[in-house]
Amino acid sequence: MSKIKRRLMWFAIALILQQCIFLFVEKVYLSTDLNIKAEEVQEKENLADKKTEIDIKKGLNEVKLSSDGRFVSYLEDSKLKILDSNDDKEKECALDTGAEIVFYKWLSNENNMIVIQKVKDKGVSYFEPVSFDAKKGEARELADFDLNKVRIKLQNLKDKIDDVAFSTSTNTLYIKVKQSDGKYDLYYANIMNQLKKVKADKILGNVVVPTTSTNAVIEEGSNITILNSKGNLSIPNVKSPKILGSDVNDNVYFGELANNKIKKIYYTVLSDSNRKWNEIKLTQPVDEDSIIIDYSGKVYVNNKSEGSVLEVISNKSIKYKGDFVQSYSKELFLGWIIN
Amino acid sequence: MENQINHRPRKRKRKKKKKSNSVVLFRGIFDIFIFLVITTPLVLFFGPYDNTRKTVISTVLATRHAYLINDLIPQATLNKMLGIDESQDGVEVAQDMKKINVKYKVGNEVNAYDIHTQRFDGYVVEIKNPLKVKVAMTKFLTKMGQKTSEMAEEHDAVAAINGGSFVDKSSDGTLYAGTGSEPGGFVISEGKVIYPTSGAKENNVENVIAFTKGGELIVGDHTLAELKKLNVQEAMCFRKPNIIINGVRQIKNKTEDGLNPRTAVGQKEDGTVIFLVIDGRKITEPGASLYDVQEIMMNRGAVNAGALDGGYSSTMYYKGDLLNSPNAWNGERSVATAFYVEQ
């Protein structure tokens with residue numbers, strides 16, 4: 001008897017609690033007519049003219065540039081820092097306590113980056129992507145409509161993030177995880193931030209997402225496949241193709257591999273029903289990693305030993321000292337570190 | 001001795017009580033939880049809390065998760081719950097053009113305002129000279145959309161907001177992954193129909209946001225033929241409801257379309273154009289209902305006002321920066337059309 005009484009008492013508490021919340025939402029939160037007051041925004045001073053040179057400290061790791069070259073990011077004492085060249089102020093991408101930054105990449109046309117952190121929750125390790133807005137200095141989580149975070153459970157503590165590929169236009173994000181046995185898993189987060197494993201235990205090479213598409217183009221073994229379509233992608237007269245990159249105009253770039261070097265570049269819009277393949281011949285075969293496809297659609301070849309970068313189509317060459325960092329789109333200039 | 005004897009059983013008793021206390025508490029919390037899980041949806045759907053019910057239902061309906069509700073509740077019941085009277089639908093109030101007297105046809109004064117409330121942050125840009133407001137459309141028409149800020153920069157704009165509806169599919173057919181490659185309805189720029197590029201249907205009714213050659217804002221349902229008669233220079237399409245017509249509030253339901261990020265355009269009596277963008281879809285800031293949008297527009301003195309595409313599309317660009325913060329990892333969404341203010 002007393003048991004039933006006690007339960008009824010608890011139910012009563014629950015009922016009161018519930019009704020209070022409903023009453024609050026109904027009568028206070030939703031009903032209060034909003035006090036609308038518009039404050040005039042004071043004009044900010046114009047920012048300093050864009051710099052052509054950014055000084056950064058020595059001994060930094062993973063130095064990368066934002067797509068418009070305004071921000072430089074690097075790892076210092078395993079913290080991710082971002083230097084704004086407009087005001088020379090340094091921001092830090094602050095993460096949850098205990099989280100470790102394992103990967104980061106700038107988005108191709110935003111001052112945002114995807115940062116992947118390794119977190120531990122109840123003894124289980126996860127890779128968790130967050131996005132960092134460099135202008136605002138804010139990190140935000142990726143969560144679906146039910147506010148579940150996007151996270152990938154580590155199968156083995158030796159698992160590594162190998163790369164992320166994305167199209168910001170279609171809200172498509174792929175995360176490539178390298179397992180300790182050298183095989184890869186590929187995860188896909190769609191526009192709703194719902195995560196799905198799309199490739200498991202495969203030998204995977206480069207992955208890109210064409211700008212207007214959601215399906216990744218993947219080097220799988222020695223073939224090239226497009227997710228959710230049958231068979232392999234064949235490029236006319238190319239036996240051993242490699243994926244080089246993609247650009248704003250929806251092109252995907254491939255290289256023809258011969259003796260571990262690339263001598264010809266092919267590109268096309270894969271979503272066109274009649275694909276037109278374009279060719280770029282290189283004057284001499286080069287290593288795959290010295291070809292840079294910029295998001296703006298420019299193709300560069302980096303010549304490390306000579307210290308120069310060649311823009312292939314215009315045939316313009318730029319000399320540099322030190323280490324080449326990367327290209328960035330807006331003003332067609334290139335970044336490098338002078339030691 | 002006596003004391004000891006007396007003490008022992010008491011001690012034991014206390015211990016027992018302590019143990020059962022935590023069990024009771026745990027059971028109690030469990031009971032509370034069970035009770036809430038079972039009864040909360042019932043109270044929400046059938047209880048006396050009209051506003052809360054309407055807000056929750058219409059917020060979900062306004063997202064792409066509308067099926068959660070549409071599959072469960074028949075349309076007629078839903079309309080009843082939301083207080084929608086279908087017989088009233090389709091009654092269109094005609095705009096009285098005499099209520100607007102465009103005062104500034106030269107010069108270009110633009111002012112920005114912030115709005116902070118407990119449910120959302122809003123951004124207002126007011127443009128004194130309505131002739132400066134123009135339509136921009138993605139330059140990659142049929143291929144992909146463009147970010148509002150990109151279109152703004154290409155037109156060297158002072159300010160810009162995202163525009164009308166668009167086809168929400170990626171080039172490989174994934175739903176909701178649309179880049180804004182094609183607008184919905186039609187688009188008019190500089191007095192010419194720029195979308196569809198050919199064979200525009202003159203007599204299809206669309207809900208428009210348009211500006212005439214004299215700088216008057218036109219909102220509501222119109223055909224292309226009607227707009228041509230009204231000498232419209234700039235136009236794009238979205239969907240009903242209208243917000244304010246002739247200074248009269250068009251939205252009676254306080255929770256219309258739920259709480260979401262919003263974009264809207266309005267015009268004051270002296271011709272000043274109001275751009276409004278509201279942030280949302282965060283736990284602390286769910287966003288605004290169309291009623292809230294209406295109240296802000298009334299507060300700013302709008303005589304006519306209509307809504308543009310909200311949700312993740314909502315974007316406000318002002319003097320080189322985004323004022324609002326689109327709540328997605330990839331920042332700003334690409335869209336098919338935008339309104340911008342030329343220099």
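A short reminder: the numbers here are calculations on the coordinates, not readings from a lab. These numbers were taken from a predicted model, which means no experiment stands behind them. Please note: Cβ atoms are built from the backbone with ideal geometry, for glycine as well, and neighbour counts cover all protein chains shown.
The table that follows gives values for the structure above.
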{"quantity": "Spacing of the two label points (7 Å from each Cα toward its C-beta) at A:GLU100 and A:ASN86, in nm", "calculated": "3.5"}
{"quantity": "Inter-chain Cβ neighbour average for residues A:6-19, partner chain, 10 Å", "calculated": "5"}
{"quantity": "3J(HN,Hα) from dihedral phi, the stretch B:329-340, Karplus parametrisation 6.51/-1.76/1.60, rounded to Hz, x for glycine, proline", "calculated": "5, 9, x, 7, 7, 8, 9, 7, 9, 8, 9, 10"}
{"quantity": "Greater than 26 Å apart at Cα, pairs in A:LYS202/B:LYS143; A:LYS176/A:LYS230; A:LYS136/A:LYS158; A:LYS122/A:LYS158; B:LYS132/B:LYS192; A:LYS281/B:LYS147", "calculated": "A:LYS202/B:LYS143; A:LYS136/A:LYS158; A:LYS281/B:LYS147"}
{"quantity": "Cα→Cβ-extended label distance, 7 Å offset, between B:GLU342 and B:LEU44, nm", "calculated": "4.9"}
{"quantity": "Gyration tensor (alpha-carbon) shape descriptor, the stretch B:249-323, a/c threshold 1.5", "calculated": "oblate"}
{"quantity": "Length released on extending from B:GLU154 to B:LYS201, taking residue separation times 0.36 nm less the Cα-Cα span", "calculated": "13.9 nm"}
{"quantity": "10 Å Cβ neighbours from other chains, averaged over peptide B:44-51", "calculated": "3"}
{"quantity": "Theoretical gain in end-to-end length, B:LYS319 to B:LYS229 [0.36 nm per residue, Cα-Cα removed]", "calculated": "28.9 nm"}
{"quantity": "Rounded to whole Hz, the Karplus (6.51, -1.76, 1.60) HN-Hα couplings of the stretch B:309-315, x for glycine and proline", "calculated": "5, x, x, 5, 6, 4, 9"}
{"quantity": "Computed magnitude of the charge dipole of the stretch B:254-326 (debye, nearest 20; Cβ of K, R +1, Cβ of D, E -1)", "calculated": "120"}
{"quantity": "Sorted peptide list for A:90-97, A:228-235, A:248-255, B:119-126, criterion being average Cβ within 10 angstrom, highest first", "calculated": "B:119-126, A:248-255, A:90-97, A:228-235"}
{"quantity": "Chain B: relative contact order in percent, alpha carbon pairs under 8 Å with at least 6 residues between", "calculated": "23"}
{"quantity": "Residue order, fewest to most beta carbons within 10 Å, for A:ILE262, B:ILE283", "calculated": "B:ILE283, A:ILE262"}
{"quantity": "Table column - 3J(HN,Hα) (Hz), the stretch A:159-168, Karplus curve with 6.51, -1.76, 1.60, x for Gly and Pro", "calculated": "4, 10, 7, 8, 6, 10, 10, 7, 10, 6"}
{"quantity": "Separation in nanometres of the label points that stand 7 Å from Cα toward Cβ, at A:ASN260 and B:ASP71", "calculated": "5.4"}
{"quantity": "R0 of 25 Å, Cβ-Cβ distance A:SER273-A:SER240: FRET efficiency to nearest 0.05", "calculated": "0.40"}
{"quantity": "Alpha-carbon centroids, the stretch B:119-176 and the stretch A:168-221: separation in whole Å", "calculated": "30"}
{"quantity": "Cα centre as origin, Lys/Arg/Asp/Glu Cβ charges: the protein assembly as shown dipole, Debye", "calculated": "3900"}
{"quantity": "Contact order relative to length of chain A, as percent, for alpha carbon pairs under 8 angstrom and 6 or more apart", "calculated": "8"}
{"quantity": "Cα-Cα over 29 Å, subset of A:LYS64/A:LYS242; A:LYS197/B:LYS240; A:LYS263/A:LYS298; B:LYS105/B:LYS228; A:LYS64/A:LYS120", "calculated": "A:LYS197/B:LYS240"}
{"quantity": "Inter-part distance where the stretch B:252-326 and the stretch A:250-269 are each reduced to a Cα centre, Å", "calculated": "47"}
{"quantity": "B:PHE166 long-range amide H proximity, modeled H, under 5 Å", "calculated": "B:GLY184"}
{"quantity": "R0 of 60 Å, Cβ-Cβ distance A:LYS183-A:GLU53: FRET efficiency to nearest 0.05", "calculated": "0.85"}
{"quantity": "Normalised alpha carbon radius of gyration of the protein assembly as shown [divisor 2.2 N^0.38 Å]", "calculated": "1.11"}
{"quantity": "At least 30 Å along the helix axis (C-alpha) and Kyte average at least -1.0, DSSP helices within chain B", "calculated": "B:2-46"}
{"quantity": "Whole-number percent relative contact order across the stretch A:113-185, with pairs defined as alpha carbons under 8 Å at least 6 apart", "calculated": "20"}
{"quantity": "Per-residue mean of C-beta atoms belonging to partner chains within 10 Å, peptide B:327-340", "calculated": "5"}
